[in-house]
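Before any comments, here is the structure.
The values are calculated or read from the model by the stated rules, or taken from the named source; none is laboratory data. Just so we're clear, the structure is a prediction, and the values are computed from it rather than from any experiment. Neighbour counts are summed over all protein chains in view; Cβ atoms, including those assigned to glycine, are modelled from backbone coordinates with ideal geometry.
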Amino acid sequence: MKKFIIIIPVILILILASAFYLFKNNLFPNLSQAKKSNWQYEKNITEPIIASSTNESDVTLGNLETNKVSVVVTKGAFDENTDVELSNPDKVPEVLDSEIDTIGAPIELSVGQPSRLNEPAIITFAFDKNLLPPETREDQMRVVYYSGEKWDYIKPTAIDWDNGTMTFETFHFSLLGANRIKDDTKITEAWIHSQALDNKLKGDLNDMSDEVAGKVVDLILEKLAAGDTFEDLLNAYPNLTNDDIISCLLFAADSIKNEIVIPKAS
């Protein structure tokens with residue numbers, strides 16, 4: 001009898017798991033069929049570059065002209081003197097062809113063990129805009145950061161389109177690289193994965209950024225209006241926080257609070 005009681009929950013779990021798998025693949029076929037490919041690249045850093053980060057001065061690894069990347073580790077980034085290694089890895093996790101075009105070679109920054117920096121490292125990637133598709137817009141440019149499970153698309157803190165560079169600040173070392181987002185929907189969603197939304201709500205962005213950040217607010221409001229809960233949004237966008245959702249609501253409220261509604265004449 002006890003064995004029978006134990007078997008029933010196991011069978012139910014297997015049935016539910018199978019039903020979820022079928023439901024996901026039928027309703028969201030792109031999630032299971034998304035095409036991945038290897039990041040094809042030639043190394044610009046043939047041998048690892050190693051430098052010691054100290055509390056006395058900033059240290060720079062790499063050269064934009066020859067290595068296509070420059071990394072500035074600010075003084076005091078670590079509690080003690082620490083060797084930082086910059087390299088082009090032999091291989092990186094696959095990327096989604098439908099979402100991004102990779103640019104140049106990815107980099108790997110490491111200090112021997114996972115560590116959060118006390119001060120941000122400033123990473124600048126060089127790119128040749130003449131090699132990008134002609135229709136490429138500045139707001140499509142992103143830095144990819146490997147979280148250990150997937151690639152996140154992060155908006156650079158600065159882009160110099162004329163000189164072909166983009167700069168990114170990070171408190172964590174990992175696999176990183178430059179890319180161009182193909183799908184405008186992904187550009188909108190990627191804003192949720194960066195501090196750009198917070199900057200937008202503070203009014204610190206340029207017109208193009210304002211437009212895209214506005215789409216982020218619209219996206220969240222539309223999902224809430226469609227019946228999604230805060231929990232649904234947090235599950236769909238892991239880097240989204242409760243504060244981000246509340247900020248969107250406050251931003252929307254602030255946008256319309258001074259509007260005057262004139263009743264239609266009857």
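Mind listing just one residue for me: the one in the stretch 123-151 that is within 18 Å of GLY104 (Cβ to Cβ) and either in contact with a His (Cβ under 6 Å, 6 or more places away or on another chain) or among the acidic types (Asp, Glu) (or both) and, of those, surrounded by the fewest Cβ atoms within 10 Å (Cβ to Cβ)? Filtering the stretch 123-151 for residues that are within 18 Å of GLY104 (Cβ to Cβ) and either in contact with a His (Cβ under 6 Å, 6 or more places away or on another chain) or among the acidic types (Asp, Glu) (or both), the one surrounded by the fewest Cβ atoms within 10 Å (Cβ to Cβ) comes out as ASP128. Assess whether PRO120 counts as being without any contact (Cβ under 8 Å) to a residue 24 or more places away in the chain and out of contact with any His (no Cβ under 8 Å at 6 or more places or on another chain). No; evaluated as a whole, the condition is false for this residue.
Conditions (1) in contact with an Asp or Glu (Cβ under 6 Å, 6 or more places away or on another chain); (2) at pLDDT 95 or above; (3) of a type in the set (S, T, N, Q); (4) closer than 28 Å to VAL59 by Cβ, marked per residue:
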position: GLU80; (1), (2), (3), (4): no, no, no, yes
position: LEU86; (1), (2), (3), (4): no, yes, no, yes
position: GLU108; (1), (2), (3), (4): no, yes, no, yes
position: PHE125; (1), (2), (3), (4): no, yes, no, yes
position: THR136; (1), (2), (3), (4): no, no, yes, no
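Before we move on, is GLU99 loosely packed, with under 14 Cβ neighbours inside 10 Å and closer than 25 Å to ILE181 by Cα?
no
Considering the stretch 138-166, the residues that are among the hydroxyl-bearing types (Ser, Thr, Tyr), within 14 Å of the chain's Cα centre (by Cα) and in a strand (DSSP E or B) include one that is modelled with the lowest pLDDT, namely TYR153.
The set of residues in the stretch 84-105 being over 21 Å from ASP128 (Cβ atoms), more than 18 Å from the chain's Cα centre (by Cα) and of a type outside the set (A, V, I, L, M) consists of GLU85, SER87, PRO89, ASP90, LYS91.
Taking the stretch 198-246 as the range and being out of contact with any Ser or Thr (no Cβ under 9 Å at 6 or more places or on another chain), polar (S, T, N, Q) and either part of a helix (DSSP H, G or I) or modelled with pLDDT of 80 or more (or both) as the test, the residues that pass are SER209, THR229, ASN235, ASN242.
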